[in-house]
Structures are given as C-alpha cells and as structure tokens.
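Novice: I have a structure I would like to understand better, so I am pasting it below and will then ask my questions one at a time.
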C-alpha cells in the first residue's frame, strides 16, 4: 500500500504538468506527448514520456481528441504491473478513465460528433494518459460539456459499480438501509450519493485514522446516514 501511495503521488504530480501541457498544445501544432510502457513492471521504472505526432488530416471515420483530465486508479497501477485481470499487451498507453474534448472529426463522423463535444472512453484500456488520442465514434461516449472535469473523468467505472451493487442483488425500496465497509473509497462515496438519491439509508464503516472527524463530516455531507469506524462497530 505504501508503494501504491507513492506511485500515485508521483503520477499525480506528473499529470498536473501533463494536462497543463496538453491544454497549451493547439490543434495545429502537430505534436503531443504520451505516457507509455513497453513491459510490465514498477510504474516508476517502466513508464516513460514520449513525443507523439498529431495528424493534420483525419480519416473519414476518425475523431481527434485532446485529453482534458485522467485519474490514476489502483487498477491503472496494477495493469502496468501486469497483475490486473484485464491485461493489455505492451507497448501501450496506460489509463482506463478520462475525459477529452473533440478537436476535429472525419467526414463520416460529423453527423454524430462535433468539435467541442466532450467524450469519455466506452471501454477500459483506452489509454488516457496522453495529450491527444485518435478514436472512432464507437469507442466513445458523448457527455454534457457542463459536467466538471473531475466528475467527467471518473464517471465511467466507480459510479457504475456502485449503481449495480445497489440494483443487481437485492430489491431495495425507499427507506431501506444499506451497510457497507470501505465507505470512503471512490465506490463507497458513489454508493452513499446514489443511495441518498434513491431514498435509501446508509451505514458506512471506515478504518480508524487521526482525521476521522473530518472524514465523518465529509461522508455525511455526501448523504451518509451513519458513519462508524471499525473499532466503534466492534464495541
């Protein structure tokens, strides 16, 4: 866990610069950057940054995207390490989630997507850790452009998982109570918010920590009914 935390901190610092750079590169500059790994291993050792060429002329079915934001998830780190169940064959660009703005579209795409539209990948292993990407419409999902970037970049995986957890196993109706542990995880936070919108109560268990009061307040503001630590639960 310490290694994962350090890895994420390093990559998050990298992406603050990486995303800022992408927003300074114009559609017609002809160049971008990408993170890539050519073998599985420690992300701090195997991931490198390379320059990429942005085509000046798109094929009829192509879409040119400028990536605006991409998170660093544990699944991304595990994929690079080669231990994630869904494997990609190197060399490839890491990053499963992200949001981008369409810069240009091919002639056969104009009826579906337009420059300025915001899009997210339709499937995992798209490779979002880059300034620009080429895709076809079938690989993308258009989303409203007024969604904030942090939400848009992380909407595809954890909220969907939380929704299915609440809908696929036991029929729930307004007033029912859901109990979950790991409630401060990304999925846990989504469970709290979706449950509140559905009229469900939530009992949320988290690990003890020095900042537990701040965490409890944060989860309560999201809509949590009760927040308990593991030690409080065992009393």
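Values in this text are rule-based calculations from the coordinates and carry no lab data. Predicted model only: the values in this text are computed from it and were never measured. All Cβ positions, even for glycine, are placed from backbone atoms using ideal geometry, and neighbour counts span all protein chains on display.
Novice: With a/c under 1.5 counting as rounded, go ahead and sort the chain into rounded, prolate or oblate using the C-alpha gyration tensor (a ≥ b ≥ c being the square roots of the eigenvalues; past the cut-off, prolate if a/b is larger than b/c, else oblate).
Specialist: Prolate is the answer for the chain, as a/c is 1.5 or above and a/b outweighs b/c.
Novice: Using Cα-Cα distances under 8 Å and only pairs 6 or more residues apart, what relative contact order does region 191-235 have, in percent?
Specialist: 48 percent
Novice: On to the next question. Using only Cα atoms, tell me the angle between helix 212-222 and the longest principal axis of the chain; keep it within 0 to 90° and round to the nearest 10.
Specialist: So the helix axis and the longest Cα principal axis differ by about 70 degrees.
Novice: Assuming R0 = 30 Å, what is the FRET efficiency of residue 148 and residue 112, from their Cβ-Cβ distance, to the nearest 0.05?
Specialist: 0.80
Novice: Give the angle, between 0 and 90 degrees and rounded to the nearest 10, that separates the Cα long axis of helix 186-197 from the longest principal axis of the Cα atoms of the chain.
Specialist: 70 degrees
Novice: Counting alpha carbon pairs within less than 8 Å and at least 6 residues apart, what relative contact order, in whole percent, applies to the chain?
Specialist: Relative CO of the chain lands at 15 percent.
Novice: Moving on to the next point. If I take every Cα pair under 8 Å that is 6 or more residues apart in region 112-212, average their sequence separation and divide by the length, what percent do I get for the relative contact order?
Specialist: Result for region 112-212 is 23 percent.
Novice: At what distance in nm do the modelled label points of residue 56 and residue 232 sit from each other, each positioned 7 Å from its Cα along Cα→Cβ?
Specialist: 6.3 nm
Novice: Can you give the extra length, in nm with one decimal, that the chain gains between residue 44 and residue 179 once fully stretched, where that is 0.36 nm per residue apart less the Cα-Cα distance?
Specialist: Extra length available between residue 44 and residue 179 comes to 44.9 nm.
Novice: Also, quick follow-up: Angle check, please: helix 2-24 long axis (alpha carbons) against the longest principal axis of the chain (alpha carbons), in degrees 0 to 90, nearest 10.
Specialist: 40 degrees
Novice: Separate question: What residue among 86, 119, 187 has the largest mean-square fluctuation in a Gaussian network model of the chain, using Cα springs under 10 Å?
Specialist: Result: 86 has the largest fluctuation of those listed.
Novice: For region 143-235, just say rounded, prolate or oblate: build the C-alpha gyration tensor, square-root its eigenvalues into a ≥ b ≥ c, call rounded for a/c under 1.5, and beyond that prolate if a/b exceeds b/c, oblate if not.
Specialist: Verdict is oblate for region 143-235.
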